[in-house]
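Only one structure is covered here, and it is reproduced in the block below.
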Amino acid sequence: MPTGDTAATSRMLKLAAIGTAGGIFSGLLGVGGGSVIVPLLIVWLGYGAREATGTSMMAIVVIAAVAVTLQAFYGNVDPPNAALVGIPAIGGAIAGTALQQRIPERSIALLFAGLLVVIAAKLIIS
Amino acid sequence: MSSIAAAIMGFAGGMVGGLLGVGGGVLFVPALAIFMGETQVRAEATSLLAIVPVAMVAVWRQLDYGNVRVRDGLVIGALSPIGVAIGVVTSNAIPQRALELTFAGLALLIAAQLVIRALRESKTPTPDYSD
């Protein structure tokens, strides 16, 4: 069905644009890709807030793995300190995802808006 | 003492990340820079290493909760490095301050859009015009 194909193509183009946009802002400003990916999935592709955050995490695994590999070549990575923040963070992520299932999607979107305001403030102050 | 503070900020970063679908670098980077004395570049690179396992665990939990569209996530992730390359090249051509202010403006616009959507969805079927 032609309309189905067109819709699928347009969807794929939007995903590609979201990926590229997330990458551009990471490369430009060191802002995490997730802060771009989550709202674009919600506003542009009509994702629910929970699905947007889960899918963004999937993308972040790939993005962070590629980026850290490149940084390792420059000798910028400090594994003991990564473990120091990362191991407690694993516990935090389990708690955060569990908490997310218990609050309304609207609240998740509003919290995310708050995070964007914090990021904007940091960029303006810096 | 500062290690404990960094670990607590790590936990908080993981929590924010899991809750909002971001890596957690927004807290990992300052934790490493302020409490562990890393330079900005090293703090960002080290934060990325911490993000990989944290994001993997978050994906595992979200898969169980049924909130991951795996293929979409992989497409976005696979294309991001192209964007990163464009971003790095651009950031060397345009004044950093202009970029920061542009992105701050965009972030505020998107935040406003999220708030408007959330409020629209929460509207009751019978609109209240009393305000």
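Between the Cα long axis of helix B:70-91 and the first principal axis of chain B there is an angle of about 60°, rounded to the nearest 10. Here's the picture: charge each Lys and Arg Cβ at +1 and each Asp and Glu Cβ at -1 in chain B, and of B:Val16, B:Leu49, B:Ala78 the one pushed furthest to the positive end of that dipole is B:Ala78. Could you work out how far helix B:2-20 tilts from the main Cα principal axis of chain B, as a 0 to 90 degree angle to the nearest 10? Tilt of helix B:2-20: around 30 degrees. Which one of A:Leu70, A:Leu41, A:Gly91 is farthest out on the positive end of the charge dipole of region A:2-125, using unit charges on Cβ (Lys, Arg +1; Asp, Glu -1) and the Cα centre as origin? Checked the options; the winner is A:Leu41.
Toward the positive end of the charge dipole of region A:1-116, with +1 on the Cβ of Lys and Arg and -1 on the Cβ of Asp and Glu, the farthest Cα among A:Ser107, A:Gly22, A:Met57 is that of A:Ser107. Within the shell of other residues whose beta carbon sits under 13 angstrom from the beta carbon of A:Ser56, the net charge comes to 0, with Lys and Arg scored +1 and Asp and Glu -1.
So how tilted is helix B:96-122 from the main axis of chain B? Cα-based, degrees 0 to 90, rounded to 10. That helix lies at roughly 30 degrees to the long axis. Measuring nothing but how far apart in sequence close Cα pairs (under 8 Å, 6+ apart) lie, relative to its length, chain B scores a relative contact order of 14 percent.
With an 8 Å Cα cut-off and a minimum separation of 6 or more residues, compute the relative contact order for chain A in percent.
Working: 52 pairs, mean separation 23.5, N = 126.
So the answer I get is 19 percent.
For region B:1-108, what class follows from the C-alpha gyration tensor (a ≥ b ≥ c being the square roots of its eigenvalues): rounded when a/c is under 1.5, otherwise prolate if a/b is larger than b/c, else oblate? Oblate.
Laboratory data are not the source of any read-out in this text; all were calculated from the coordinates shown. What you see is a predicted model, and the numbers here were worked out from it, not measured in a lab. Quick reminder, even Gly has a Cβ in these numbers, built from the backbone with ideal geometry, and neighbours come from all protein chains shown.
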